[in-house]
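The next block holds one structure in the form of structure tokens; read it before the comments.
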Amino acid sequence: MSRTDRTHALRLLVAWAVLSVIGVVIAMQVHLPPGNQSQQSTDTTGLLQLMLVISTPVFIGVVLFILYSAFAFRQKAGALEDGPAYHGNFRLQVAWVAITAVIVFILAGLGISGLAATSSGTNFTSSTQPALATASVGTTAADRLQVQVIAQQWYFTYRYPAYGGVESLHLILPVDSNVVIHVTSTDIIHSFWAYQLGVKADANPGVDNLAYVTTLHTGSFTVRCAELCGIWHGNMVDTNGAVVSQADFATWIAGLQKAGATQVLPPYQPFYFPSPRVKGT
Amino acid sequence: MAIAAIGNGGPSIQTSERQMVLPTNLLTGIVLAAVGYWAGVQLGNSFGFNDGLNTGVLLGYVFASIMFLVGLGFANYPLARLFGWPVAPQSSYDEHRGAWRYLNLSLDHKVIGIQYLVAMLMAMLFGGIGAMLIRTSLLSPDQAVVSPDNYLTLVSMHSVMMIFVASAAIVGPFGNFFVPYMIGTNRMAFPRIEALSFWLVPPAIVILLASPLFGGFPTGWTGYAPLSEQAGQGFDSYIVGFTLIGLAICLSGVNMLTTVMCLRAPGMTWTRLPIFVWGVFSTSILGAFAAPVLASALSMQALDRTINTSFFISSNGGSNYLWENLFWFFGHPEVYIFILPAFGIVMELIPHFARKPLWGYRTAVVGLLGVTLLSWFVWQHHLFVSGIAPALRPFYMLSTEMISIPTGIVFLVAFGTLWRARISMTVPMLFCLGFLFNFLIGGLSGVFLSDTPSDVTLHGSYFSMAHFHYTIVGGEIFAIVAAIYYWFPKMTGRMLNMTMGKIHFWWMMIAFNLAFMPLFAAGILDMPRRVSTYLPSLQGLNDWVSIWAYVLFSSMIFFAINVIWSWFFNTKLAPADPWHARSIEWELPTPLPARNFDRVPTFTRAPYDYGDPQGARPSVDLGPEPAPA
Amino acid sequence: MSPRAYSDQSRGMPALERLPEWTPEVDARLARVGIWVWIGADVTFFAAWFFAFFYLRALNNNNDWMAAGVTHPTRAIGAAIFLLFAISAGLFWVGARSVVSQRATALIFFWLALAAGIACFVVQIYEFRNLGFDPQMGGGYPSVFIGMKGAWLIQVVGSMLWLASNIAQTKPNGDVTVRPASATFFGYFLVFLAGIGLISYVVLYFV
Amino acid sequence: MRLVVLVLAVGILSALVTIFVVGFMLHRPPMLNASANSNGQGVKIHLEVVGSVNSAIEFPRPTDPHPTWVSYLPTTILKVPANSMVTMQIDQEDTPSGLRNPFWGQAQGIVGGTFHMAYFDNSGNPQQGDFTALDDPANAAHTFAIPDLGVFVPLEGVNAAAPAGSMNVITFSFMTGKAGTYHWQCFVPCGSGTIYGNGGPMQTTGYMAGFLIVQ
């Protein structure tokens, strides 16, 4: 480690520190979607924010190094001389690997904690199924509103088993409630993406895929398909989903039941196997 | 006697392989392919399955490909063996057939490298045109330009074509051309298999381009079942074309592994192997062992579509998860098949232009092999929201994020090499630095996607689309372009125009970043992939992207003009070592002799020993002068 | 050794009469390594089919893994198929070891191996024609059965063609006689394929 | 010489590419401009639904590339004025194939909430009446649905007892919203020969998929 090495390193370090502080401050100002309509989207926003903040210094460091070396370590015009024959520095390599490993494990820990949930937990920090709990958490708990999302080419419909299995064109949820969403499909793979709720779950034929959402604020949200499902994939959008007050929800669902929407519907099932046994019949 | 017969393998042997009734060349191949297609269609339709006539098209493609290869002369050797004619290892160098040899079956790894280069540039052109059409139709959200079914066909063909390119465009041209030089041998382990691994590619490209004639297919490159089984005959192009490419990847992997393991010249120890060879080697491991899984999965698709089995029909005892698992078990190693040789190229080029030894050579090798190992255990991060096995998500999250450790090593090695270097800012070097910048963004955005809770929002959105375009276009394609600028004089004997090269770099770099950076925003703002319509509020953003995509495409046209002009209309012969680089291929004369080495070379030093006083000595010693007869 | 730049003068030098990579030793080495890598690739190819078998069997979607009326085909026929190919592989293996020393005997072994292989093919076709179930009527098991057996059978046919070409080359100055390695390591592949046949027999007929 | 070869190659290549591209850009079904026959309070549109194109009665399409496909006729690209009433008359000639999701058996989003249907009862006698839903979802042959406008209308299949060549005539009206391009489709898995009946005509504009261009 000669003197020149030290001067270069010192310059880089100082510049990196200064720029990183600025960068982090800026990164913290950025407002990232999907917003705060539900517990899950709030936590997703926070996680994205955190990752942005963590990755900013990395980004700045690498770009800074590239630019610095591109200008400071140039070959003299017309000259053709070799650089010092450095073949590697074991301590530096170990340190680098250790640092990246630490960052990686911190991020992974965050993610895993997001997936962790006790089987009695109410607020999941991620809408996906809790990884460290028994499967199908709270699918029977009375304090949770069960909603079934039926994906078909090319529309999502919604059934409320607790209300006689009525089926609706739009997803309406009461505010301040824990909802268990059962996503299934009657033909091919779709993906139920309620953007502002921070929920995404694939809809597979013959599968009851669970997603969890805890609504916090009233307002409308967009539902769209996030898995290529054929010609109208891009049109499989419904901007009329809404989180409404408990009272409004009660009146809405009552009206839905009165409309006799269930008269022709089959009994509610966790999933439906689409019929044809031989192709084309 | 026998040994001698093997020894100077050459013309005598080739005659033994030309005892065929009809002459074997490209024209014969095309004619036979047409005949084969017709026969296949007749046969397939004669079964009368309830299959929407998929069997006919499938068999037509298969027969056409086989007959094409037969017509090219791939059957000569097996048939000669079968009829008991004298056979022996064929000469691996090819000097008796002028320019015509580039259009025919040649076992010369140099010829095959050139063939691969041209074929890949053509495929890249087709894929690029597809991208332009996609961006054109996304100029407005109301699906007015291209009807949605055709839009999905465009998306699928662009993606599959570019996957073809990305999986073969480095190992094919540069691996085949330079690995034998770098390890000091005259031939690949299996020249016929090497040639086959190229000649499977043109049929694949043609078959894929034929898809629109049968209505195209709407599945994208992932070909998820059961959507793929709703698709019409256009999807058969996907099955056969992708199978051919998978076969090519697998065969070239087998060939490369065997070559590097068995044919290294004396003195070329594992720790002296150029890092590019290491990149090709690790890629070949993935290619050889991952592509067969794709072959199996695709044959399941074919069976489902022809004889109505139900591998992926969940109501009949199959499961669409089966395809997702098998496809991504191949598909994730596949994306490292793209990027590992690109790492190799960047780490190979930087020392020569920094004029320093590769910093931390062994760590770099460990990094490459680490990626190779880890990439087998991450495939389910494509399925975080699919509902498969929630209990496994923490494991796949961890393994996915751990890949950033060996990837970080690549950056460390590059930085260590740049440290206090004497960088000459040539065009290849510019593209290497551009690679570092773009791949950094690609990698960081990958971390966002690898974390399940945030992936819930980002999965399947334009964010992930921008992510892999940053790694593949900004990463691999930049590395390919750098390699073309770097090795073109040795491959063709002509320098590319470096002024145009500098313009091309800034043109491409700026256009690429301005085109793809906004797509991260589009993804976060709730725009899914593969949609032919989107929120009207995003139209401004999409128009901006489209315009810069056109600029990006035009930069590649500019590059193509440079290549064509310098190759065919520039008569000035390139110097043997234009970069003053010290690796073996630059110590050979330009143009390269038909036979790489007349005698066994002995390697005397590592390829990157800049800065040490002895460094100027040649890296290879060709042994004693022969006693004059 | 004196530092000497490689220049154009070194072209046109008289070639050594043979470069090492052309010797039988190197040929044998290439054949060995190549066949092992190829077998490794083929392992992943079949691994996908076995994964399909156990995955679909575990999921048993719609209780349709074994659709109504679907039963395992006759085990005897399956055993015959596997055994015939195992015999073929074994005979070839044995013959390939002695192809240089006693070519005549080896030739007989090869012919017998070919006969056994063809018999295996015939029996397999017979089984396909009398399965007792129709993959069209759904069911995971029939699908995997057809697919796995078909994938295996295609490789059997290919290897039988190659085996025939080995027979044709087992003659004075024939390729096999000159480069016995090629035959030996092709024997490896046949044995591997027989092993796959055994596993798939157990899995498909007993599990 | 080289130049000639180069120009030739580039020329041929670009020619092929142009054909390819133009084929994509121009391939779309014809447009039925209903704004033309617009009277004061709205427009009328008359469509025919057939089990296979070659069995069309009112709008034959002799040179169709897929004569056996189920299809709306004459075309599926409809142009209507904004914020006005569209009165649809659909002559439904196909036989029932049943709804996978019986929910679509109810008519929604149409003026008055009911559609008028002239049909045949089980003894083959012509009947007619106003309905809010199909009595049995299994009798549905197709639906006419514009999801973005909330319009979903089931079309009952022709009763097996009806005389050959007869059709159910369904008429209803809906309001077009603000200007824009809305897609419309069928929710009955009627693309026979494809998995889950949603391939082929169901995913090809001009057959069972189309646009309502409101302006």
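Please treat every number below as a calculation from the coordinates, not as lab data. Just so you know, these numbers come straight off a predicted model, no measurement behind them. Heads up, the Cβs are rebuilt from the backbone with ideal geometry, glycines too, and the neighbour counts pull from every protein chain shown.
Over all residues in A:91-102, what is the mean tally of Cβ atoms on other chains that come within 10 Å of each residue's Cβ?
5
Relative contact order for chain B: what is it in percent, counting Cα pairs under 8 Å that are at least 6 residues apart?
14
May I ask you to order B:54-60, D:195-201 by the average number of other C-beta atoms within 10 Å around their residues, highest value first?
Result, highest mean Cβ count within 10 Å first: D:195-201, B:54-60.
Hey, can you list the DSSP H helices of chain A whose Cα span along the axis is 24 Å or longer and whose average Kyte-Doolittle score is at least -0.5?
A:3-29, A:39-72, A:90-115
Taking amide H atoms as placed 1.01 Å from N in the peptide plane, list the residues 5 or more away in sequence, or in a different chain, whose amide H sits under 5 Å from that of D:Ser173.
Close amide H contacts, sequence-distant or interchain: D:Met88, D:Val111.
What is the distance in Å between the Cα centres of segment C:61-104 and segment B:543-563?
Measuring centre to centre over Cα atoms gives 57 Å.
Indicate the gyration tensor shape class of chain C (rounded, prolate or oblate), computed on the Cα atoms with a ≥ b ≥ c the square roots of the eigenvalues: a/c under 1.5 is rounded; otherwise a/b larger than b/c is prolate and the rest oblate.
It comes out oblate by the Cα gyration axes.
Could you sort B:570-577, B:245-252 so that the peptide with the highest average Cβ count within 10 Å comes first and the rest follow in order?
Final packing ranking: B:245-252, B:570-577.
Quick one: which residues, 5 or more positions from D:Asp64 or on another chain, have an amide H under 5 Å from its amide H? H modelled 1.01 Å from N in the peptide plane, none for Pro or chain starts.
Hits under the 5 Å cutoff: none.
From the alpha carbon gyration tensor of the protein assembly as shown, can you work out the equivalent ellipsoid semi-axes (sqrt of 5 times each eigenvalue) and give them in Å, largest to smallest?
Three semi-axes, in Å: 55, 39, 29.
Stick to the Cα atoms of segment D:100-188, pair each with every other, and give me the Kirkwood hydrodynamic radius in Å at one decimal.
13.6
If you wrap a convex hull around the alpha carbons of segment B:20-85, what volume per residue comes out, as a whole number of Å³?
82
For segment C:47-114, compute the orientation-averaged projected area of the C-alpha convex hull (one quarter of its surface), in nm².
6.7
Angle, helix C:24-59 long axis vs. longest principal axis of chain C, Cα atoms, 0 to 90°, nearest 10?
Around 20 degrees separate the two axes.
Counting only C-alpha contacts under 8 Å and six or more residues apart, can you give the relative contact order of chain A as a whole percent?
Relative CO of chain A lands at 17 percent.
Could you check which residue among A:Val207, A:Val180, A:Val62 shows the biggest mean-square fluctuation in a GNM of chain A with a 10 Å Cα cutoff?
Highest fluctuation of the listed residues: A:Val62.
For segment B:474-509 and segment B:570-601, compute the distance between their C-alpha centroids and round to whole Å.
19
Work out the mean other chain Cβ neighbour count within 10 Å for the residues of D:150-162 and drop it here as an integer.
If you average over the peptide's residues, the count of other-chain Cβ atoms is 0.
For chain C, what does the helix formula give at 222 nm: sum of -39500 (n - 2.57) over DSSP H segments with n ≥ 4, over the residue count, nearest 500 deg cm²/dmol?
Here the helix-only value at 222 nm equals -25000 deg cm²/dmol.
Could you work out which residue, out of A:Val94, A:Val147, A:Val21, moves most in a Gaussian network model of chain A, that is, has the largest mean-square fluctuation with Cα springs under 10 Å?
Maximum fluctuation in the GNM of chain A, among the listed residues, is at A:Val94.
To the nearest whole number, what is the average tally of beta carbon atoms from other chains within 10 Å of the beta carbons of peptide D:22-32?
Mean shielding count: 3.
Going highest first, how would you order A:191-203, A:34-46 by mean Cβ packing within 10 Å?
My ranking of the peptides, most packed first, is A:191-203, A:34-46.
Have a look at D:Leu13, D:Leu134, D:Leu32 and tell me which one the Gaussian network model of chain D (Cα, springs below 10 Å) gives the largest fluctuation.
Result for chain D, Cα springs under 10 Å: D:Leu13 fluctuates most.
For D:Lys44, list the aspartates and glutamates whose Cα falls under 14 Å from its own Cα; do not include residues on the same chain fewer than 8 positions away.
Qualifying aspartates and glutamates at Cα under 14 Å: D:Asp91.
Past the 32 Å Cα-Cα mark, which pairs from A:Lys200/D:Lys79; B:Lys356/B:Lys572; A:Lys258/D:Lys79?
The pairs that break the limit, which is 32 Å between Cα atoms, are A:Lys200/D:Lys79; A:Lys258/D:Lys79.
If you average the alpha carbon positions of segment D:101-167 and of segment B:338-408, how far apart do those two centres end up, in angstrom?
That distance is 58 Å.
By count of other Cβ within 10 Å, fewest leading, how are A:Cys225, B:Cys432 ordered?
Neighbour counts put them in this order, fewest first: B:Cys432, A:Cys225.
Give the order of B:Tyr486, A:Tyr155, A:Tyr68 when sorted by the count of other beta carbons within 10 angstrom, beginning with the fewest.
Ranking B:Tyr486, A:Tyr155, A:Tyr68 by Cβ neighbours within 10 Å, fewest first, gives A:Tyr68, A:Tyr155, B:Tyr486.
Please work out whether segment D:31-214 counts as rounded, prolate or oblate from its C-alpha gyration tensor, where a ≥ b ≥ c are the square roots of the eigenvalues and a/c under 1.5 means rounded, while otherwise a/b larger than b/c means prolate and anything else oblate?
It comes out rounded by the Cα gyration axes.
If I take every Cα pair under 8 Å that is 6 or more residues apart in chain C, average their sequence separation and divide by the length, what percent do I get for the relative contact order?
Averaging sequence separation for qualifying contacts and normalising by length gives 31 percent for chain C.
Name the shape class, rounded, prolate or oblate, that the alpha-carbon gyration tensor gives for segment B:302-434, where a ≥ b ≥ c are the square roots of its eigenvalues, rounded holds for a/c under 1.5, and otherwise prolate holds if a/b is larger than b/c and oblate otherwise.
prolate
Using a 10 Å cut-off around each Cβ, can you sort B:His504, D:His142 from fewest to most neighbouring Cβ atoms?
Going from least to most buried by this count: B:His504, D:His142.
List the residues, sorted by chain then number, that are 5 or more residues from A:Val166 or on another chain and whose placed amide H is less than 5 Å from its amide H.
When sequence neighbours closer than 5 places are left aside, the close amide H contacts are A:Tyr160.
Given N residues in segment B:109-585, what is Rg(Cα) / (2.2 N^0.38 Å)?
0.94
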